[in-house]
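Trainee: Quick one: structure below, then a few questions.
The values are calculated or read from the model by the stated rules, or taken from the named source; none is laboratory data. Quick caveat, the model's predicted, so the values are computed rather than measured. As a convention, Cβ positions derive from the backbone with ideal geometry for all residues, glycine included, and neighbour counts pool all protein chains shown. The protein model used for the area step is the full one, side chains on, heavy atoms only, and it has no ligands, DNA or RNA in it. Shrake-Rupley method; radii C 1.70, N 1.55, O 1.52, S 1.80 Å.
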Amino acid sequence: MNGRRALKLFVVFVCTLVMVSVVSAQQTYIVQPGDTLAKIAARFQTTVGAIAAANGIANPNYIYYGQSLIIPPPGTDTTPPPASGTSVYYIVRPGDTLSEIAVKYNSTVDAIKRANGLITSVIYPNQGLRVPVFESAPGPWYPPVGGQYYYVQRGDTLFRIGARFGVNIYRIAEANRLLNLNLIYAGVPLYIPR
């Protein structure tokens, strides 16, 4: 009888230790003035999605001073992939480009810019973006009507071409789906929008 009782106590003890270790893996954090979910996620090496999911936060832009947040351990983001026709909230990381984000979420640069009221494709680390998600990749691209083509000459830069035609370089890059503004090749036609 004592052996069974000791075994039961041992099992209860082990289960308690496991539960305590799981609970202790999650931390709590009190929101301070100036905090954002992106800053908090970076501090604890987790993601905005994981913190939002653990705390039932629908809008990651809305946290308040003094709010207690559960911080899940790193690598526990179980956010499902977004459904088509929806949008996701994305925090820009250093080195990200709108093109890379668009590819990651099956979206387009134009759609992301429209959803966020962006005029240019310039983004910054820790900037929050609403990213529309599409069911399938957008169809083939055709240049807009009402512009002209220019064949890149040796020594040309996008800046020089833009100045020559009086067109912003970002408009030229967007019209030609250029990912790198410093990389154009002689002999390649560029569409110059009006």
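Trainee: Can you tell me how many residues in the stretch 53-74 are in a strand (DSSP E or B) and exposed (fewer than 10 other Cβ atoms within 10 Å of the Cβ)? Full working, then the answer.
Mentor: To start, the set of residues in the stretch 53-74 that are in a strand (DSSP E or B) comprises 68-71.
From the residues that got through so far, the ones that are exposed (fewer than 10 other Cβ atoms within 10 Å of the Cβ) too are 68.
So the answer is 1.
Trainee: Another question, then. Of all the residues that make up the stretch 84-124, how many are assigned to a loop (DSSP other than H, G, I, E, B), of a type outside the set (A, V, I, L, M, F, W, C), open to solvent by 30 Å² or more (accessible area, probe 1.4 Å) and without any contact (Cβ under 8 Å) to a residue 40 or more places away in the chain? I'd like the intermediate steps shown before the answer.
Mentor: Step one: list which residues in the stretch 84-124 are assigned to a loop (DSSP other than H, G, I, E, B), which gives 84-86, 92-97, 105-108, 117-124.
Still in the list and also of a type outside the set (A, V, I, L, M, F, W, C): 84-86, 93-97, 105-108, 117, 120-121, 124.
Right, trim to open to solvent by 30 Å² or more (accessible area, probe 1.4 Å) and you get 84-86, 93-97, 105-106, 108, 117, 120-121, 124.
Next, only the ones that are without any contact (Cβ under 8 Å) to a residue 40 or more places away in the chain stay: 93-96, 105-106, 108, 117, 124.
Qualifying residue count for the region: 9.
Condition check ((1) part of a loop (DSSP other than H, G, I, E, B); (2) at pLDDT 90 or above) across all residues:
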residue: 137; (1), (2): yes, no
residue: 146; (1), (2): yes, no
residue: 153; (1), (2): yes, yes
residue: 174; (1), (2): no, no
residue: 177; (1), (2): yes, no
residue: 191; (1), (2): no, no
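Trainee: Restricting to the stretch 171-194, give me the number of residues that are hydrophobic (A, V, I, L, M, F, W, C), open to solvent by 50 Å² or more (accessible area, probe 1.4 Å) and farther than 25 Å from residue 96 by Cβ.
Mentor: Number satisfying all stated conditions: 2.
Trainee: Additional query: For the stretch 55-79, give me each residue that is of a type outside the set (S, T, N, Q) and at pLDDT 80 or above.
Mentor: Here is the first cut: in the stretch 55-79, the residues of a type outside the set (S, T, N, Q) are 56-58, 60, 62-66, 69-75, 77.
Scanning the stretch 55-79 gives 63, 64, 65, 66, 69, 70, 71, 72, 73.
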